Amino acid sequence: MDGSNPLILWLALFFLLILSAFFSGSETSMMSLNPYRLRHQRRKSSGARRAAKLLHMPDRLIGLILIGNNAVNILAAIIANMLAIYYVGEAAAPWVATASLTITVLIFSEVTPKTIAAQNPEWFAFKASHILKPLLQLLNPLVWSINKLTNTFIILLGFDPRKNRDDSLDSEELKSLVDISGHKLSDSNQGMLRAILDLDNMTVEDIMIPRNEVTGLNLEDDIDVLMEQILSCEYTRQPVFKGDINNIIGIFHVRKANHLLRSDRVTHKAIKRFSDEAYFIPETTKLTTQLVNFKKMRSRFAVVVDEYGEVQGLVTLEDILEEIVGDFTTNTADKTEEIQANGDGSYRIDGTATIREINKATGWDLPLDGPKTMNGLVLEQLESIPDGNVSFATNHYRFETVEINETKIKTVSALSLRAVEATSDA
């Protein structure tokens, strides 16, 4: 090079800064790729397939990028020092070269390419893979040697260099993923996906029809009473028991009513004969498990029992599906709604209403890991059945008993204190 003409040095420095920007952006984009999106894009994008192969050995990819980035930055520093000597002399050259190159590298070779790569990781990574793949093959012996030395040092520090990153997500992380995908999913689809993920945290005890609300056919009743129940009941299935609900001997389906009426004589034995075998499940069964079990058993109806074999309630396939898609049936047996809104922002709630139903109807967040019903929640707080109406506050909610009998709290008035505070602030 002619000492009076530093053009070649400037061109070399410019080229090295571009290479530095390439390696910096490549590192950021490769590490920012969404592994789940990448898995899907591999089917239709060659760039995605190249990036996936490079990421399959992340230690080698990082080693390659860092070797390239450090090499070009060191060369750039040498050339910058040579240019500084040419312009300001040897005494001031190190200071001028360090200051000017630091600012230049930060702006043009670090911050700018990394910001672009972080905002457009797929675009940058897929294009960079065209260069990184053959470069890795070319420098593989050097990269392998450096990785061996690095892994030895990592082991000495007490870490395992062969440990792979765990990209699996638990249900809570999946729900967060569904939430941040809101602009790509409709509200109904979002709600169903969240509900499906919630199934694993719920048991049949949370959604079953409780024992005190179960109506069935008691074979100790007169046949006329039983026939009236069969013909007037709006449910498709009813448990058949003898004397006590714990002695369930079958499930009568309403479609069998025609067969029963066409028989020569309607008797208790005939009702029992036309009943299907009862399917019993423990109250601790997860909803996800029970959904699979219903399919496996080709059943839609189960009797829920506790650890002592006592009947606790009934659960149906429709009950589980409603937890996913929302209510799609109307229970005409309910003469009045269990949860009624009052004009002052409070709610009149039946003691048998479940905490889950209350949260759905009101948008509240009453704890689900304790009592299952409003009656249970009040009794847990009061620790006894009061002689008269009382009020109390818990978990940012105020409750006041309205109707009480000797065995339970029949009706409660409830109000969210947060809603009151929000109204006051407004």
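The values are calculated or read from the model by the stated rules, or taken from the named source; none is laboratory data. For clarity, every value in this text was computed on a predicted model and none was experimentally measured. Every residue, glycine as well, gets a Cβ built from its backbone with ideal geometry; the counts of neighbours run over all protein chains shown.
Side notes on the structure shown:
Let's see how each residue does on (1) among the small types (Gly, Ala, Ser); (2) under 34 Å from the mean Cα position of the chain (by Cα); (3) closer than 18 Å to residue 352 by Cα:
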position: 196; (1), (2), (3): no, yes, no
position: 206; (1), (2), (3): no, yes, yes
position: 211; (1), (2), (3): no, yes, yes
position: 216; (1), (2), (3): yes, no, no
position: 223; (1), (2), (3): no, no, no
position: 226; (1), (2), (3): no, no, no
position: 230; (1), (2), (3): no, no, no
position: 240; (1), (2), (3): no, no, no
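Here is a yes/no grid of residues against (1) touching a residue at least 24 places away in the same chain (Cβ under 8 Å); (2) of a type in the set (D, E, K, R); (3) surrounded by fewer than 15 Cβ atoms within 10 Å (Cβ to Cβ); (4) touching a Pro at 6+ places or on another chain (Cβ under 9 Å):
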{"site": "353", "(1), (2), (3), (4)": "no, no, no, no"}
{"site": "360", "(1), (2), (3), (4)": "no, yes, yes, no"}
{"site": "367", "(1), (2), (3), (4)": "yes, no, yes, no"}
{"site": "373", "(1), (2), (3), (4)": "yes, no, no, yes"}
{"site": "376", "(1), (2), (3), (4)": "no, no, no, no"}
{"site": "383", "(1), (2), (3), (4)": "no, yes, yes, no"}
{"site": "387", "(1), (2), (3), (4)": "no, yes, yes, no"}
{"site": "398", "(1), (2), (3), (4)": "no, yes, no, no"}
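- Members of segment 211-229 found to be at pLDDT below 90 and among the polar types (S, T, N, Q), listed by number: 212, 215, 229
- Just one residue in the set 232, 176, 186 is surrounded by fewer than 16 Cβ atoms within 10 Å (Cβ to Cβ), among the polar types (S, T, N, Q) and modelled with pLDDT of 80 or more; that residue is 232.
- Being without any contact (Cβ under 8 Å) to a residue 12 or more places away in the chain and farther than 26 Å from residue 114 by Cα is a property that holds for residue 152.
- Among the candidates 171, 188, residue that is among the polar types (S, T, N, Q) and within 30 Å of residue 55 (Cβ to Cβ): 171
- When 342, 331 are screened for being over 23 Å from residue 239 (Cβ atoms), at pLDDT below 90 and not aliphatic (A, V, I, L, M), only 342 passes.
- Wholly enclosed strands (runs of 3 or more DSSP E) of segment 248-322 bearing at least 1 residues among the small types (Gly, Ala, Ser) and within 24 Å of residue 226 (Cβ to Cβ): 301-305, 311-316
- Residue, modelled with the lowest pLDDT, within segment 58-89, restricted to residues that are of a type in the set (Gly, Ala, Ser) and either more than 19 Å from residue 19 (Cβ to Cβ) or within 45 Å of the chain's Cα centre (by Cα) (or both): 89
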